[in-house]
Amino acid sequence: MLTSGLIASIIIELFGFLLWIKFARDNQNTYKDLTSALMFIVALIILYQVFMLNLDFGLILAIATLFSAFAWFLGRLINLQELQKESKSYFFILLVITCIRSFAYEPYQIPSRSMAPGLQVGDFVLVNKHAYGIKLPGTNILISELKSPSRNDVAVFIPPHTLCDVSATDARPDLSNLSVDESQLFLKKFSSLQKSRCTPGGIKFVKRIIGIPGDKVEIKGYEIWINGQKVDQNLLSSSRDENLLEETLDQKNHVIRTLGLSEYAQHSWEVPKGRYLAIGDNRDNSLDSRAWGYFSEEYLVGRADYIWMHWPSFSSLPSLGRNKKIL
């Protein structure tokens, strides 16, 4: 949802654009340059508000690309060479960035330790945007065939509790199959999470998919059964602070972290059509399907394929030492 501040900033930017055209046509270079400087400042303010409101940056890029194309056409229409030249260069730059980000790879920064030890806070990952099908930029509209995720994929998606218009029954279509106590507990937890975290566009999460449509998944403590088969786990190291285990899911290995806090937790799911079950590798420090249910295939963003940079804070230097393929 757009705020009054963002709407006002966009109106000011458009007004500045019209002023710039007027000053350029009248050869008033001083006023034209001053208007350009002010438009640049307002553009930075708009970008800041976009990030604060958690708006989809892909959609912003697509709109900016279309606007630069419009400005290029307008420059030709009114025979303003300077507008044609400026807008043409911006159009091709924005078009390339939009296509790469929307249809190839999108950068994503890991915000929490929920996928430790494999993914750390400050890791920048490349999200494969065509792994599950291609969508129109900034939307959930598929323009190619859906490619279903596999178990063990590290997926980026929008979970249901971060969307204000998703109900608890959308997050757990099988809610009626649970006991009264289980369903009431889930409803209470989901409502609390949604109230504190939801936004109109949702928030992107990254987790490991352990259940696909049709799977029966059970978790007892840290042990997992999928369709009656126990997932192999081998202890790698143990200390007072943590245990690291190698987990084998569909013949692919990854490392999980446990703290001994969920030894007696029990969960059971039968994954419905069009839904997926996802949990974090940091099993005692992850907000995942155990709390908010399933996520829908409609809200798949892509698959996290590579770590390309590590930058934990502005007070430290970026590092390429963690560059690797995500397992």
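Among the residues here, ILE307 qualifies as of a type in the set (A, V, I, L, M), closer than 19 Å to TYR108 by Cβ and in the same structural domain as GLY118 (by TED's automatic domain parsing).
Tallying residues that are over 29 Å from PRO111 (Cβ atoms) and buried (at least 16 other Cβ atoms within 10 Å of the Cβ) within segment 179-217 yields 1. Hey, does segment 219-233 have a residue that's closer than 30 Å to LYS195 by Cα and touching an Asp or Glu at 6+ places or on another chain (Cβ under 9 Å)? Yes, segment 219-233 contains a residue that is closer than 30 Å to LYS195 by Cα and touching an Asp or Glu at 6+ places or on another chain (Cβ under 9 Å). Here LEU142 does not fit the description of being at pLDDT below 95 and under 18 Å from GLY211 (Cα atoms). Counting only residues that are crowded, with 17+ Cβ neighbours inside 10 Å, acidic (Asp, Glu) and under 20 Å from GLN229 (Cα atoms), segment 268-295 holds 1 of them. Restricting attention to segment 122-133 and to residues that are in a loop (DSSP other than H, G, I, E, B) and buried (at least 18 other Cβ atoms within 10 Å of the Cβ), the residue that is nearest to the chain's Cα centre (by Cα) turns out to be LYS129.
Among the residues of segment 5-34, those that are among the polar types (S, T, N, Q) and assigned to a helix (DSSP H, G or I) comprise SER9, ASN29, THR30. Being part of a loop (DSSP other than H, G, I, E, B), within 26 Å of LEU261 (Cα to Cα) and of a type in the set (D, E, K, R) is the requirement here; does ARG151 meet it? Spelling it out, ARG151 is indeed part of a loop (DSSP other than H, G, I, E, B), within 26 Å of LEU261 (Cα to Cα) and of a type in the set (D, E, K, R). Scanning segment 308-327 for residues being more than 22 Å from the chain's Cα centre (by Cα), assigned to a loop (DSSP other than H, G, I, E, B) and of a type in the set (Gly, Ala, Ser) gives a total of 3.
The values are calculated or read from the model by the stated rules, or taken from the named source; none is laboratory data. Here the structure is a predicted model, which means the values were calculated and not measured. Heads up, the Cβs are rebuilt from the backbone with ideal geometry, glycines too, and the neighbour counts pull from every protein chain shown.
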